[in-house]
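The values are calculated or read from the model by the stated rules, or taken from the named source; none is laboratory data. These numbers were taken from a predicted model, which means no experiment stands behind them. Cβ placement follows ideal geometry from the backbone for every residue including glycine, while neighbour counts extend to all protein chains displayed.
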Amino acid sequence: MKHQNLFSASFYLKVIFAASLLILVTISAITYRHTQSLTESIGWVMHAYKTNVQVEQLFSMLKDAETGQRGFIITNDTVLLEPYNNARQQVENAFIQLEKQMETKQQDDHLQNLHRLINARFAQMEVTLSVARDQPLRDDLLKSSMVAGKAIMDSIHLQVSKMAALETSYLQDRQAKYEYKASITPLFSLLLLLFALNVFIFSYWKISHDLNTLKHKNQLLILQSDSIAHAEERNNMALRERNHELEQKNKELASFNHVASHDLQEPLRIVQTYISRLTEKEIGLMSAKGKDYFVRIKLAVTRMRNLIDALLLFSRTNRTDSIFEIADLNLLLDNARHDLSHLLEQKKGSIIAAQLPTLNVIPFQIQQLFTNLIGNSIKYSKPEVPLLILINCEKPAPIDFPNTRYDHARNYYKIAVSDNGIGFEQMYAENIFTLFQRLHHDEEYEGTGIGLSICKKIAENHGGLITAEGKPGIGATFFIYLPA
Amino acid sequence: MELEPIYVLLADDDDSDRMFFTDAFEEIKIKTVVQTVKDGVELTNYLSVPELIIPHVLFLDLNMPLKGGMECLVEIRQNNRFKDMAIAIYSTSASEEDIEDTFVKGANVYIKKPSDFNQLKKLLTKVISMNWQYHTSWLNKEIFLLNL
């Protein structure tokens, strides 16, 4: 989970970086466009201004020409006619200039109109001049010619005003457009900048936050690894202590074994030997009641003997120094069957066994396991029915019990030992494997309550397990799982 | 012709066991001379008497106070004087270690004390009926532990 977070954080940072780059490029482009349009509009202003000035100049030249002409007419001095003569050429030049600057059809039309009017004005001035040069001067002709000239001049003035108005209107148009753009663009840029700023601030926050988290987690990790190291050390200490304890316990167990095998058995054996002496020699002297008591003593002592033997066997199965060997389980079963052949005959019992595998086992323990299970079936058989023990073996398969500490990847042989005995209630299926746990009284069925505990121990010693299924009045089945 | 009696010696700390032992030999139809001592120290003293008739068979209990049977076994087997004396270990326990140990240290047979008097008689008869001199199979560990 944490790894994924870190990964997405780095991915997230990349996205932020890309977005920032994009925003920067966009802002740059917009700014460039904005600057360009500003320059453009300045150009337009300049253009409009220039055109107006040139047109005004044109007009003023025309006026100069008119003034010169008038001066000539009044004084008849040709010097005064000079501006007039110059004006003609200057006006043509100015027109050529202006024509270059015209951009729209309307502007061009206006200019051509002006040109026409100015030409007309010059033509009229020529007419006036020629009238003025005529001798004798005809006042009426001069007057009418000059009036006509004034009329043309008025039209020119109107035309110039029109052109100025057009330029102004263009300028205003463009100004409006520019202003719109100029007002929109900064706003947009500002918004974009603000957005970018937000992104940056958020990224900064996010990065610093991630960094903090990382630091914190790092610290935690260091602390944890420290505490793990500590815990490990403590565990190791505890383990050593445990080991020591275990060794101690093993020693105690060994001395218990000795006590059980020797010190407990010795007085019992002596009691039993005395009993055998009494049975042989003194029993005839006893009363009937005495004989009964004596038989009971004998039974109790025998039971005690069985208990001690079984207990000894149990503690011997606890020993860890038993040697594993490759052994044929069929042979071990045969040995067990042979050991119990006498009892089996008594019960008219028979065993039908399937082929068993050859496994790496502690042979005497597996034989003990078979002996105990068959002995158990004999002990709890139905008196009126011949005992039948079936032994089956299933192919190795993984253990399918939940909550077991057994290797689920490993395959186990499942050996089933079932009988047609008295069975038991399924609710006791676990209890029967507990040391000294019995389901019957001594008077009904003799037993030590150790045999099946030994079976369990043996199965566990082999890395396997044993379970039981019982049906009262029908029989019991024991399942032994041994690693293949 | 009168048969030479078989000389039998028992070292055992338990007086009941000593009593069963002597009683058993009384009931056995073989002529025996049975002597008993009650621990290892007494055994050593008994065997150190120069004019001693060396027993044919020594029955040796392992668990005795003061001086145990194992110690006595080692001492006796180091003494050339008793090289012809058979030693039968006579013990309550029949642990693998004890059997192995006594076999290695030179005992001839291992008897687990029975809990029935008749069985005891049978076992003892079996032991003293053996021809110790020519019984080479004692060196076979498989039959070292004597069963009926």
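Please work out which one of (1) modelled with pLDDT under 85; (2) aromatic (Phe, Trp, Tyr); (3) closer than 22 Å to A:GLU325 by Cα is the condition A:PHE401 fails and give its number.
(3)
Give the stretch A:126-159 a look and list any residue that's among the β-branched types (Val, Ile, Thr), more than 20 Å from A:GLN57 (Cα to Cα) and surrounded by 13 or more Cβ atoms within 10 Å (Cβ to Cβ), or say none.
Correct list: A:VAL127, A:THR128, A:VAL131.
So is A:VAL259 over 30 Å from A:ALA18 (Cα atoms), modelled with pLDDT under 85 and either within 14 Å of chain B (Cβ to nearest Cβ) or surrounded by 14 or more Cβ atoms within 10 Å (Cβ to Cβ) (or both) or not?
Answer is yes for this residue.
What residue, of A:ILE378, A:ILE352, A:ILE366, is under 30 Å from A:LYS249 (Cα atoms) and assigned by TED's automatic domain parsing to the domain that holds A:GLY464?
Within the list A:ILE378, A:ILE352, A:ILE366, the selection yields A:ILE366.
Just for the stretch B:92-121: of the residues that are under 18 Å from B:GLU75 (Cβ atoms) and under 11 Å from the mean Cα position of the chain (by Cα), which one is nearest to the other protein chains (Cβ to nearest Cβ)?
Taking the candidates together, the pick is B:ALA107.
To keep it simple, each residue is scored yes or no on (1) away from chain B (no Cβ under 11 Å); (2) of a type outside the set (S, T, N, Q).
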position	(1), (2)
A:ARG269	no, yes
A:THR279	no, no
A:LYS289	yes, yes
A:ASP292	yes, yes
A:VAL295	yes, yes
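Tell me whether the stretch B:122-136 contains one or more residues that are surrounded by fewer than 19 Cβ atoms within 10 Å (Cβ to Cβ), within 14 Å of chain A (Cβ to nearest Cβ) and within 22 Å of B:ILE28 (Cα to Cα).
yes
Would you check which residues across the stretch B:1-37 are within 14 Å of another protein chain (Cβ to nearest Cβ), in a helix (DSSP H, G or I) and in contact with a Ser or Thr (Cβ under 8 Å, 6 or more places away or on another chain) and list them?
Across the stretch B:1-37, the qualifying residues are B:SER16, B:ARG18, B:PHE20, B:PHE21, B:THR22.
Let's see how each residue does on (1) within 60 Å of the chain's Cα centre (by Cα); (2) within 25 Å of A:ILE422 (Cα to Cα); (3) surrounded by 17 or more Cβ atoms within 10 Å (Cβ to Cβ); (4) at pLDDT 90 or above:
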position: A:MET304; (1), (2), (3), (4): no, no, no, no
position: A:LEU312; (1), (2), (3), (4): yes, no, yes, no
position: A:GLU325; (1), (2), (3), (4): yes, no, no, no
position: A:ASP328; (1), (2), (3), (4): yes, no, no, yes
position: A:LEU331; (1), (2), (3), (4): yes, no, no, yes
position: A:PRO363; (1), (2), (3), (4): yes, no, yes, no
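Run down A:TYR170, A:TYR180 and say which single residue is assigned by TED's automatic domain parsing to the domain that holds A:HIS47, surrounded by 11 or more Cβ atoms within 10 Å (Cβ to Cβ) and part of a helix (DSSP H, G or I).
None of the others qualify; the one that does is A:TYR170.
I need every pair where a residue in the stretch B:106-120 that is assigned to a helix (DSSP H, G or I) has its Cβ under 8 Å from the Cβ of a residue that is of a type in the set (A, V, I, L, M), sequence separation at least 6 or different chains.
Short answer, once both residue conditions are applied: B:PHE117/B:ALA24; B:GLN119/B:LEU148; B:LEU120/B:ALA24.
Among the residues of the stretch A:37-56, are any at pLDDT 80 or above, under 27 Å from A:VAL147 (Cβ atoms) and assigned to a helix (DSSP H, G or I)?
For the stretch A:37-56, residues at pLDDT 80 or above, under 27 Å from A:VAL147 (Cβ atoms) and assigned to a helix (DSSP H, G or I): present.
A:ILE308 versus (1) away from chain B (no Cβ under 14 Å); (2) touching a Ser or Thr at 6+ places or on another chain (Cβ under 9 Å): which is the lone unmet condition?
Every condition holds for A:ILE308 apart from (1).
Among the candidates A:LEU142, A:LEU80, A:LEU158, single out the residue that is in contact (Cβ under 8 Å) with a residue 40 or more places away in the chain and either more than 30 Å from A:LEU171 (Cα to Cα) or in the same structural domain as A:TYR170 (by TED's automatic domain parsing) (or both).
Checking each option against the conditions leaves just A:LEU142.
Would you please list the contacts, defined by Cβ atoms under 9 Å and residues six or more apart or on different chains, that run from a residue in the stretch B:50-69 that is within 16 Å of B:LEU146 (Cα to Cα) and more than 14 Å from chain A (Cβ to nearest Cβ) to a residue that is among the aromatic types (Phe, Trp, Tyr) and crowded, with 24+ Cβ neighbours inside 10 Å?
Going by the 9 Å Cβ cut-off, the qualifying pairs are B:PHE59/B:TYR90; B:LEU60/B:TYR90.
Scan the stretch B:88-97 and give yes if some residue there is under 27 Å from A:PHE256 (Cβ atoms), assigned to a helix (DSSP H, G or I) and at pLDDT below 90, otherwise no.
Yes: the stretch B:88-97 contains one or more residues that are under 27 Å from A:PHE256 (Cβ atoms), assigned to a helix (DSSP H, G or I) and at pLDDT below 90.
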